[in-house]
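Accompanying notes for the structure given below.
The values are calculated or read from the model by the stated rules, or taken from the named source; none is laboratory data. As the structure is a computational prediction, the values presented were derived from the model and not from experiment. Here Cβ is always computed from backbone atoms with ideal geometry, including for glycine, and neighbour counts include all displayed protein chains.
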Amino acid sequence: MPFWSNPAVRGGVYQVTVLAGVFALGAYLIDNTLDNLAARSIRSGFGFMAREAGFELGESLIPYEPSDSYARAYLAGFVNTMKVSFAGIVLCSILGLFVGIARLSKNWLVARLASFYVETLRNIPILLQLFFWYALIIEVLPPSLDAINLGPGVFLSKSGLLFPLPLYDPAHAWVGLAFLVGIPAAVFYGHWAKQRQNATGQQLPRLLPTVGLVLGPAIIVFLILGAPLTFEVPVFQRFRFVGGGELTPEFLALWLGLSIYTSAFVAEVVRAGILAVDWGQNEAAGALGLRRGLVLRLVVLPQALRVIIPPTTNQYLNLAKNSSLAVAVGYPDLTSVTNTSLNQTGQAVECIAVMMAVYLTLSLLISAGMNIYNRVVAIPDRR
Amino acid sequence: MYKKIAMAAAGAAMIAVSASGSANAGPVLNAIKQKDFIQCGVNTGLAGFGIADSQGNWTGIDVDFCRGLAAALLGDRNKVKFTPLSAPQRFTALQSGEIDVLSRNTTNTLTRDASLGLHFVGVWYYDGQGFMVPRRLNVKGAKELNGAEICVQAGTTTELNLTDYFRANRMTFKPVVFESAEEWRKAFFAGRCQATTTDVSALASVRSVDAQNPDDFVILPEVISKEPLGPMVRRGDDEWFAVTKWVLNLMLEAEEKGITTENVDQMRSSTDPTVQRLIGNRDEMGKKLGLAEDWGYKVIKQVGNYGESFERNIGKKTPLRLDRGLNAQWTQGGLMYGMPAR
């Protein structure tokens, strides 16, 4: 038999050829782009990243000054993207879980309301929803001069929600350390309780000791050190309240818009996951004498999660990518920073390339995290 | 926003794919003559500068410049198609060849000259960046704006000027940056920010259109930057560059010489050699530029001189109520100085 008839050889040759073709095409495009940029006297390269950015950002979690570099500005924008993505993922999961369960409720009104929620929200484009939330905040709320006082030091206005923030005290580091010690203690207790149950059949209370072990040491250390806690309270200056913690209207609109939109999809995923578990599983677990809560935790959820995790990963990725709509409502995310940098430097190819690389990285990170979690909840024996 | 990314990506792709051959003499000019219209990049909607009405008719002084080009080159002011561009889109659109000329209140700066592969044609409007605040805040000057939230539009020199001004005066501010001009205006007039900043002409423009009551907003006296606005073309076609440059100068010099749409027919028989060079065929000015001999006549007859365009679009009788100021003729104490056509 001639070697070219060998399927393995042929397959290998095909793959190498295609791969080489793809690389050659990529190299051609890059080389041609550089040539043409040079021919048109358009400056290229990433040298601008080290230069002073010179523009201010509306909000940043990391310290940022206009005198910092473009790279730093990009980082600040990326951190803002992470912030709204993370907060959005948490909120959309909670909302989606509740609405998804509500759609399966035997209560007619609750189930209908949940259906209405899902069908309305997932069928209106996200950009319109963002405009809606933003318009709601800046049109309905009073200007910062006449901010609504929601409680001691809490003010709501067109300038956002401002609230008192605890000031850092050296004692807080010890509290944090005690908290970190509490977590392994709780995990250890859980193991021990399970082993004991396996050995003796006796069940120990789980919830209270776990909470106590996690929070207890931290609270005790906090009290021993004299409960040092002072708040930075927002104070009104010439135009608006300054100081303390702040949720800007831009962040609020983006966060609410993204979370609520995505929660409609997550709700459907949750519903599908629960329905995917055969009712016979419930009955069988009940026949073994398990209580309702244990049936859910030990039998239904492990099987439902197997169905829920992969499509939920998609929704999380959508949320993270949709966060680039932030520019529409003025939130200084990565896209916003890219826009400004692009305009100031004129280096469109580089700026867009960096942005695409960063979004790709963020998406791959979320994907990787969810895949790990998926492996944990997957049923090991099934292939 | 996706439009912008798509455009930038398309621009990159076009640059990547198009052959990198050397520029022939006048590729843009030849292409325009062949397709018989000029593709002109303008503002997405800035009253007085570039804005489309409900029938899709474009008006504004930036628009008039493109109409002047069409009249000079193709003999008909209507042989122009407009591409509305947001601030971040505009340079990519020109670099990639999607438009032939960018006439979209764009500031001439060193960095733009040096790094974009584009040419500034000349100054079409001398502007400067200023601030606008709601009257009820009782702010008298920009120095009082310490700590304010300031609404700005993305992708302009505005952000940099604003930051420079506050840094120089050791003040702080909080920018709220919007991608689209519409969202920026909506947010400011809804009261999201205590101030907004852009070129003074644009402040007057949006105040006249978007404010419920224009008198509720004041433009502060400080002008914090120089913003010479003008059209741009791509490098690589010097003949096209020359045409754009001289249509600009023609419209300026026609005003100086008092040639208007109304009197251009009478002036055609004027004995003044300068007038003859502008709108007649003396010394074959049109031929030197590769244009028809009546190019100047057509521009003035169909579009008018610079002053006419100014008064029609942004002058005292329009809602913008802008003074000629720096944009008066040099003979009237302004900076507008049409270079001699001879």
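Quick notes on this structure:
- A:Leu360 being at pLDDT below 90 and either aromatic (Phe, Trp, Tyr) or in a helix (DSSP H, G or I) (or both): no
- Strands (runs of 3 or more DSSP E) within the range B:186-259 that include 1 or more residues at negative phi and touching a Cys at 6+ places or on another chain (Cβ under 9 Å): B:195-199
- Of all residues making up the range B:271-284, the number that are crowded, with 18+ Cβ neighbours inside 10 Å and assigned to a loop (DSSP other than H, G, I, E, B): 1
- If you check A:Val118, A:Val90 for being closer than 17 Å to A:Leu252 by Cβ and assigned by TED's automatic domain parsing to the domain that holds A:Leu301, only one passes: A:Val90.
- Output for the range A:108-131, where each listed residue is loosely packed, with under 14 Cβ neighbours inside 10 Å and within 13 Å of chain B (Cβ to nearest Cβ): A:Pro125, A:Leu128
- Taking the listed residues B:Leu248, B:Leu220, B:Leu289, the one that is crowded, with 18+ Cβ neighbours inside 10 Å, closer than 30 Å to B:Asp164 by Cβ and at pLDDT below 95 is B:Leu220, with no other qualifying.
- Pairs, first within 8 Å of another protein chain (Cβ to nearest Cβ) and more than 13 Å from A:Gln344 (Cα to Cα) in the range B:143-164, second among the aromatic types (Phe, Trp, Tyr) and in a helix (DSSP H, G or I), C-beta under 7 Å, six or more apart: B:Cys151/B:Trp184; B:Cys151/B:Phe188
- Where A:Ala357 falls short, out of the listed (1) over 23 Å from the mean Cα position of the chain (by Cα); (2) within 30 Å of B:Gln153 (Cβ to Cβ); (3) aliphatic (A, V, I, L, M); (4) surrounded by fewer than 19 Cβ atoms within 10 Å (Cβ to Cβ): (1)
- Annotation note: of B:Arg192, B:Arg167, the sole residue that is within 14 Å of another protein chain (Cβ to nearest Cβ), without any contact (Cβ under 8 Å) to a residue 24 or more places away in the chain, farther than 30 Å from B:Glu98 by Cα and of a type in the set (D, E, K, R) is B:Arg167.
- Restricting the search to helices (runs of 4 or more DSSP H) fully inside the range A:202-291 and requiring at least 2 residues that are buried (at least 18 other Cβ atoms within 10 Å of the Cβ) and among the hydrophobic types (A, V, I, L, M, F, W, C) gives A:207-224, A:249-276.
- Some residue of the range B:235-244 being under 26 Å from the mean Cα position of the chain (by Cα), buried (at least 21 other Cβ atoms within 10 Å of the Cβ), of a type in the set (Lys, Arg) and more than 21 Å from B:Gln329 (Cβ to Cβ): no
- Among the criteria (1) closer than 16 Å to A:Thr338 by Cα; (2) without any contact (Cβ under 8 Å) to a residue 60 or more places away in the chain, the one A:Leu128 does not fulfil is (1).
- In summary, A:Arg72 fulfils each of the numbered conditions (1) in contact (Cβ under 8 Å) with a residue 60 or more places away in the chain; (2) under 29 Å from the mean Cα position of the chain (by Cα) with the single exception of condition (1).
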